[in-house]
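Asker: One structure, pasted below without further comment.
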Amino acid sequence: MKQNYDLLVIGGGPGGAVAARTAAEKGFSVCMVEKRPAIGVPIRCAEGIGKDVLSEFITPDSKFISAEIKRARLVAPDSTSMMLESEMAGSKVGYILDRKVFDRELAWQAADAGADVFVKTRASAPIIVGGEVKGATLEHCGTRREVHADIVIAADGVESKFSRWCGMNTTVPVREIMSSVQYLMTDIDIDPHTTVFFLGNEVAPQGYLWIFPKGERSANVGIGISGKKSGAGHRARDYLDRFVSATFPEGKTIECVVGGVSVCKPLECTVADGLMVIGDAARVVDPLTGGGIYNAMFTGKLAVEVAEKAIEAGNFSKSALMDYDTRWRESFMGKAIARNYQIKEYFVTLSDEKLNALIQSASKMNLSEFSTLALIKELIRRNPKLLTELAALRASLG
Amino acid sequence: MLQVHRDICGYCGCCVSVCPEGALELIDAYLVVGEECTGCGICAKVCPLGALEVVDEAEL
């Protein structure tokens, strides 16, 4: 470990690894630190990602893909179900990853590109000089050292501390944390190419319960509920256990995954003097789906592209880094977050009766574009009253 | 004060994200409660597993 780098990346998930890889490919000296002893574990993810967006960052490879997804099924509170298919029925629309291998592969690529990588190494405090972030104190197995960098990229996930230490407000509102539990189950009857989403206030209040295939007879079976709805006796785990014992009584759980997923608005500002915040730490998770892998990788790459200009200009001030904040908000991803936030805010108000009616309106949908936006637009086409119920929804759909 | 039931905790960091005081930190596989903790109980509410409990200090 050197004492000085161009860039210091805190966190070794997909966002941090893509940032480190991009920086190394551009010829910068970059150091990525991961507080855990291994990259990619423990899993804190349902592992789903769209087909197209994955290949923007990595060539899809069977070694980190557990399942190919061809369709999705939405199940209403009254058990009515609706199948979502691509117009090209049978074509794959997404993947369920094996994050343990996927994250490791990305970190590997970052290292191969020339990034320094350290595990079991925790940033315990920022180095702040004249109000500007200039590095971090790093702790590794009882040793402590100061590492200086022109720019620090905080990629420290949902439990992010670094940007808070630098003065940012990162607190997620209680109602907007999805309190989540997932079992990797095996020996269960599933459709290995269909993701299933269960909706309803009895099943998963203000969230959803999912079955994401991991193989012919294996799946991530998980749930996220609003923190507001969580409490003693009615936690995410209680809901999931009830579902699992009723649906897969003979299934075997080979891994228990826990986590929090933020579905709030992104941080008010994702840069400060010498600091850029990416991925879950920036709260750029899709508020409707809870998906965050792509958004983390997207912001990781973009942050380094903006950092490159700042380094060339020798100016690491907030205003010099602001282009990152502006550009991700204006991007397809940023606009999708803003729009899906409005849609999420509407959906959490829906009663089970309304959810039933919505899903009953379509037992099958063939979407030209397989996305949540395409789904919402089609639901609105079939239920025009939806638009009159929420003006913000109309505005956000353009 | 906040008590962490380590046998239940899944060290996921869900609680860290909602703490209004920034009093919690997930260090590798254990949760640290800082002096800033006010015992408000928000973390205990959102914990997916029920590993956190606000207890009366006098009872300990």
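The values are calculated or read from the model by the stated rules, or taken from the named source; none is laboratory data. This one's a predicted model, so the numbers in the text were calculated from it and none came from an experiment. We place every Cβ from the backbone using ideal geometry, glycine too, and count neighbours over all the protein chains shown. To get the accessible areas, we keep the full protein, side chains included, count just its heavy atoms, and leave off ligands, DNA and RNA. Shrake-Rupley method; radii C 1.70, N 1.55, O 1.52, S 1.80 Å.
Asker: Which strands (runs of 3 or more DSSP E) does the stretch A:90-174 wholly contain that include 3 or more residues that are out of contact with any helix residue (DSSP H, G or I) (no Cβ under 7 Å at 6 or more places or on another chain)?
Answerer: Values: elements: A:94-97, A:116-118, A:121-129, A:132-140, A:143-154.
By residue number, A:121-129, A:132-140, A:143-154.
Asker: At least 3 residues that are more than 7 Å from chain A (Cβ to nearest Cβ) in each: list the strands (runs of 3 or more DSSP E) lying fully within chain B that qualify.
Answerer: Result: B:2-4, B:30-33, B:52-54.
Asker: Within the stretch A:226-234, is there a residue that is more than 14 Å from chain B (Cβ to nearest Cβ), buried (at least 19 other Cβ atoms within 10 Å of the Cβ) and not basic (Lys, Arg)?
Answerer: No, there is no match, as no residue in the stretch A:226-234 is more than 14 Å from chain B (Cβ to nearest Cβ), buried (at least 19 other Cβ atoms within 10 Å of the Cβ) and not basic (Lys, Arg).
Asker: Of the numbered conditions (1) in contact (Cβ under 8 Å) with a residue 40 or more places away in the chain; (2) not assigned by TED's automatic domain parsing to the domain that holds A:Thr186; (3) not in a loop (DSSP other than H, G, I, E, B), A:Ala72 fails exactly one; give the number of that condition.
Answerer: Against the list (1) in contact (Cβ under 8 Å) with a residue 40 or more places away in the chain; (2) not assigned by TED's automatic domain parsing to the domain that holds A:Thr186; (3) not in a loop (DSSP other than H, G, I, E, B), A:Ala72 comes up short only on (2).
Asker: For the stretch A:25-36, give me each residue that is outside any loop (DSSP other than H, G, I, E, B) and either out of contact with any helix residue (DSSP H, G or I) (no Cβ under 7 Å at 6 or more places or on another chain) or open to solvent by less than 10 Å² (accessible area, probe 1.4 Å) (or both). Spell out how you get there, then give the answer.
Answerer: We begin by selecting, within the stretch A:25-36, every residue outside any loop (DSSP other than H, G, I, E, B); these are A:25, A:30-33.
Those that are outside any loop (DSSP other than H, G, I, E, B) and either out of contact with any helix residue (DSSP H, G or I) (no Cβ under 7 Å at 6 or more places or on another chain) or open to solvent by less than 10 Å² (accessible area, probe 1.4 Å) (or both): A:Val30, A:Cys31, A:Met32, A:Val33.
Asker: State yes or no: is A:Ile96 touching an Asp or Glu at 6+ places or on another chain (Cβ under 8 Å), over 19 Å from A:Gly15 (Cβ atoms) and open to solvent by less than 20 Å² (accessible area, probe 1.4 Å)?
Answerer: Values: touching an Asp or Glu at 6+ places or on another chain (Cβ under 8 Å): yes; over 19 Å from A:Gly15 (Cβ atoms): yes; open to solvent by less than 20 Å² (accessible area, probe 1.4 Å): yes.
Answer is yes for this residue.
Asker: Can you work out which of the residues in the stretch A:153-197 that are within 12 Å of chain B (Cβ to nearest Cβ) and aliphatic (A, V, I, L, M) is surrounded by the most Cβ atoms within 10 Å (Cβ to Cβ)?
Answerer: A:Ile177
Every residue, every condition in (1) within 14 Å of another protein chain (Cβ to nearest Cβ); (2) of a type in the set (Ser, Thr, Tyr), yes or no:
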| site | (1), (2) |
| --- | --- |
| A:Gln3 | no, no |
| A:Gly12 | yes, no |
| A:Thr22 | no, yes |
| A:Val33 | yes, no |
| A:Pro37 | yes, no |
| A:Ala46 | yes, no |
| A:Ile49 | no, no |
| A:Asp52 | no, no |
| A:Phe64 | no, no |
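Asker: Just checking, how many residues over the stretch A:293-330 are open to solvent by less than 20 Å² (accessible area, probe 1.4 Å) and closer than 25 Å to A:Ala107 by Cβ? Reasoning before the result, please.
Answerer: Filtering the stretch A:293-330 down to residues open to solvent by less than 20 Å² (accessible area, probe 1.4 Å) leaves A:293, A:295-297, A:299-300, A:302-304, A:306-307, A:310, A:321, A:324-325, A:328.
Among the residues that remain, those that are also closer than 25 Å to A:Ala107 by Cβ are: A:293, A:295-297, A:299-300, A:302-304, A:306-307, A:310, A:321, A:324, A:328.
Summing the residues that are open to solvent by less than 20 Å² (accessible area, probe 1.4 Å) and closer than 25 Å to A:Ala107 by Cβ in the stretch A:293-330 gives 15.
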